[in-house]
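**Q** Let me begin by handing over the structure; questions about it come next.
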Amino acid sequence: MKRDILFLCQFFYPEYNSSATLPFDTASYLAQNGYSVGALCGYPREYNTSGEVPVRETKDGVSIHRLHYMQLSRHSRLGRLINYFSLTLSVLLHIFEIKDYQAVIVYSNPPVLPIAAILANRLFKTKIIFVSYDVYPEVAYASGSLREGSTVSSVMQRINRSLFQRAESVVALTDEMREYLLDHRPELSANRVVTISNWAHEAADGSKSAARAELGYTDEDFIVAYFGNIGICQDETALIQAMNQLADHKNIKFLIAGHGNKMPSVRQAAERLPNVRICDFLTGTAFEHAVAASSCGIVSLEQGLTGMCAPSKYYSYLQGGLPILAIAEQSSYLSKEALHSEIGLCSDVGNGVQLTQNILKLYRNPELCKKMLDNAVRLYTEKYARGIGLSKYAALVKNVLRTAN
């Protein structure tokens, strides 16, 4: 008898990035609710602090099989492509493991990985649930990392056509991503695309004074946080400009923790600025304390990416009650939600003057910050809380498995 659901992804437990923690949250929740669950994923390296881990293990009811593959530097385009295809080839060599499951949940990162789900559908009639973290190849076009009409672009488009013809359900992270997919993927119909937002993986930490003391800040400091990726999908220009423009303000401090191919530019700018602290990627209690210590949080999307991706740290900011400083197009859900829900302020991509003005507005108006804090926590609780997203995934899986029987 076939098992229920297999998670097919690059990153998984015990890795600490959101591309690992979110699938593992979902998998373990389904296992706790009586489903037989497995995971076929890459062997952890870059985002792992646990040392050597077994190739196979069962964790929280999830049977995990980790595959070795080439893991070159992701800072080069060639390195990323080799990693993508190496992982996908490794999965294809284990394609008969997918045969043992009624359905597979496959993620958009890396964008060629769905080839394995498509083949399993053709060979074994395995049902496909596709989770769109980023919309490829458009994200790569907009960020300049891929040229339209290239060989890789053509491969991605062929994968998309087959995937969206065969997928039982497609998960979009935001309503605007759902609309984008329906507008640009003619193979899809509205009843097959559902919005399920991501959530904060970390626990909320309310001890602000203690967290600040631990990090060397005082209660008088106004701490502007930027956590997470600073890569091809994020704008670093406005951040660097604001860091410079506020360098002489003794109480406004920047706390930046993360990684990405734009981080070297941020580090270089911060070398001569006394108001900026740069940390490596933070996880667990270290990240929880950093959120608790912060006064507001910056979230950013590059020009032309509206509807194509959703920053994961946005949900951590909301859960932690941080007013949002959105750097995005006015049409983006980040800008619209910041204004409509009164959780933050918006500035245009690349506009450090606007960002600086918004930081000063929050710094000079504690009552406004308190109002946005309360609104952020309320929005997270009512719309983005972990249990809401997990319940939606459980309902989706139940429906897909019903059609498989």
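The values are calculated or read from the model by the stated rules, or taken from the named source; none is laboratory data. Worth saying up front: this structure is predicted, and the values here are computed from it rather than measured. Every residue, glycine as well, gets a Cβ built from its backbone with ideal geometry; the counts of neighbours run over all protein chains shown. Protein only, heavy atoms only, side chains kept; ligands, DNA and RNA dropped before computing areas. Shrake-Rupley method; radii C 1.70, N 1.55, O 1.52, S 1.80 Å.
**Q** Taking amide hydrogens as modeled 1.01 Å from N in the peptide plane, which residues meet the under 5 Å criterion relative to residue 134, leaving out close sequence neighbours?
**A** Under 5 Å from the amide H of residue 134 lie the amide H atoms of 108, each far enough along the sequence or on another chain.
**Q** Let's test the formula: R0 of 45 Å, r as the Cβ-Cβ distance of residue 378 and residue 398. What FRET efficiency results, to the nearest 0.05?
**A** Details: r = 29 Å, r/R0 = 0.65.
Taking R0 as 45 Å, the efficiency between residue 378 and residue 398 is 0.95.
**Q** If you take every DSSP beta bridge fully contained in the chain, what fraction is antiparallel? Give it as a percent rounded to 5. Each step should come with its number before you reach the end.
**A** Numbers: 5 of 55 bridges.
Counting only bridges with both partners in the chain, antiparallel ones make up about 10 percent.
**Q** Right, something else. Given the pairs 99/383; 336/398; 370/392; 59/313; 127/336; 2/383, which are separated by over 28 angstrom at their Cα positions?
**A** Values: 99/383 36 Å; 336/398 33 Å; 370/392 31 Å; 59/313 25 Å; 127/336 35 Å; 2/383 35 Å.
In this structure, 99/383; 336/398; 370/392; 127/336; 2/383 lie more than 28 Å apart at Cα.
**Q** Show me, bin by bin at 5 Å from 0, the whole-percent P(r) of the stretch 256-405 based on Cα pairs.
**A** The calculated distribution, bin by bin, is 2, 8, 15, 19, 20, 16, 9, 5, 3, 2, 1, 0, 0.
**Q** Using amide H atoms built in the peptide plane, which far-off residues or other-chain residues are under 5 Å from residue 222 H to H?
**A** Under 5 Å from the amide H of residue 222: 252, 253.
**Q** Around residue 64, which amide H atoms from residues at least 5 apart in sequence, or from another chain, sit under 5 Å from its own amide H, with H modelled in the peptide plane?
**A** Placed amide hydrogens put 39, 57, 58, 59 under 5 Å from residue 64.
**Q** Still on this structure, please answer the following. Which angle from 0 to 90°, rounded to the nearest 10, does the C-alpha axis of helix 366-379 make with the longest principal axis of the chain?
**A** In the chain, helix 366-379 runs at an angle near 10 degrees to the longest axis.
**Q** Oh, and also: Going by accessible area, probe 1.4 Å, with all protein chains left in place, what is the ranking of 178, 161, largest first?
**A** Values: 178 50, 161 115 Å².
Ranked from most to least accessible, the order is 161, 178.
**Q** Please check which bits of the stretch 13-27 a label hung off residue 100 would reach, taking the label as a point 7 Å along Cα-to-C-beta and the cut-off as backbone N under 12 Å.
**A** From the stretch 13-27, the list is empty.
**Q** Something else about it: If you average the C-alpha positions of the stretch 110-189 and of the stretch 263-306 separately, how far apart do those two centres end up, in angstrom?
**A** One Cα centre to the other: 31 Å.
**Q** Count the DSSP beta bridges whose two residues both fall in the stretch 16-65, then state the antiparallel fraction as a percent rounded to the nearest 5.
**A** 50 percent
**Q** May I ask you to give the solvent-accessible area per residue for the chain, in square angstrom, as obtained with a 1.4 angstrom probe? Let's see the in-between values first.
**A** Working: 16810 Å² over 405 residues.
Accessible surface, normalised per residue, equals 42 Å².
**Q** Step through the residues of the stretch 336-346 one at a time and calculate ³J(HN,Hα) from phi using the Karplus curve (6.51 cos²θ - 1.76 cosθ + 1.60, θ = phi - 60°), rounding each to whole Hz and writing x for Gly and Pro.
**A** Taking θ as phi minus 60°, the curve returns 5, 5, 4, 7, 5, 8, 6, 10, x, 10, 10 Hz for the stretch 336-346.
**Q** Hey, could you grab the Kirkwood Rh for the stretch 181-245? Inverse mean 1/r over distinct alpha carbon pairs, Å, one decimal. Before the final figure, lay out each step's value.
**A** On the way: mean 1/r = 0.0597 Å⁻¹.
Here the Kirkwood hydrodynamic radius works out to 16.7 Å.
**Q** Tell me the mean residue ellipticity at 222 nm calculated for the chain from its helices only (DSSP H runs of n ≥ 4, each -39500 (n - 2.57), averaged over every residue, nearest 500). Before the final figure, lay out the partial values.
**A** Details: 16 runs with 173 residues, N = 405.
The helix-only estimate for the chain comes to -13000 deg cm²/dmol at 222 nm.
**Q** Helix 114-124 against the longest principal axis of the chain: what's the angle in degrees, Cα atoms only, rounded to the nearest 10?
**A** 20 degrees
**Q** If you don't mind, there's one more thing I want to ask. Compute the Kirkwood hydrodynamic radius of the chain, taking the inverse of the mean of 1/r over all pairs of distinct Cα atoms, and give it in Å to one decimal.
**A** Numbers: mean 1/r = 0.0457 Å⁻¹.
Computed over Cα pairs of the chain, the Kirkwood hydrodynamic radius comes out at 21.9 Å.
**Q** In addition: Given N residues in the stretch 196-343, what is Rg(Cα) / (2.2 N^0.38 Å)?
**A** Details: Rg = 14.6 Å, N = 148, 2.2 N^0.38 = 14.7 Å.
Relative to the 2.2 N^0.38 Å estimate, the stretch 196-343 comes out at 0.99.
**Q** Ratio to report: Rg/Rh of the stretch 226-266, with Cα atoms as the point set and Rh obtained by the Kirkwood method; give two decimals.
**A** My calculation of the ratio gives 0.99.
**Q** If you don't mind, there's one more thing I want to ask. Provide the per-residue ³J(HN,Hα) series for the stretch 32-39, in order, calculated from phi with Karplus coefficients 6.51, -1.76, 1.60 and θ = phi - 60°, each as a whole number of Hz, with x at glycine and proline positions.
**A** 5, 9, x, 7, 8, 10, x, 9
**Q** Moving to a separate point now. Can you give the accessible area of residue 283, probe radius 1.4 Å, in Å² rounded to 10?
**A** Approximately 50 Å² of residue 283 is accessible to the 1.4 Å probe.
**Q** Order 15-27, 337-349 from most to least packed using the mean count of other Cβ atoms within 10 Å. Before the final figure, lay out each step's value.
**A** Numbers: 15-27: 22.5, 337-349: 19.8.
Going from most to least packed, we get 15-27, 337-349.
**Q** When the solvent-accessible surface of protein heavy atoms is calculated with a 1.4 angstrom probe, in what order do 179, 382 fall, highest first?
**A** From most exposed to least exposed: 382, 179.
**Q** Related question: Where does the stretch 1-57 land on Rg(C-alpha)/(2.2 N^0.38 Å)?
**A** Details: Rg = 11.6 Å, N = 57, 2.2 N^0.38 = 10.2 Å.
Taking N as the residue count of the stretch 1-57, the ratio is 1.13.
**Q** Given the whole protein assembly as supplied and a 1.4 Å probe, what does the accessible area of residue 2 come to in Å², nearest 10?
**A** Counting only protein heavy atoms, the figure is 90 Å².
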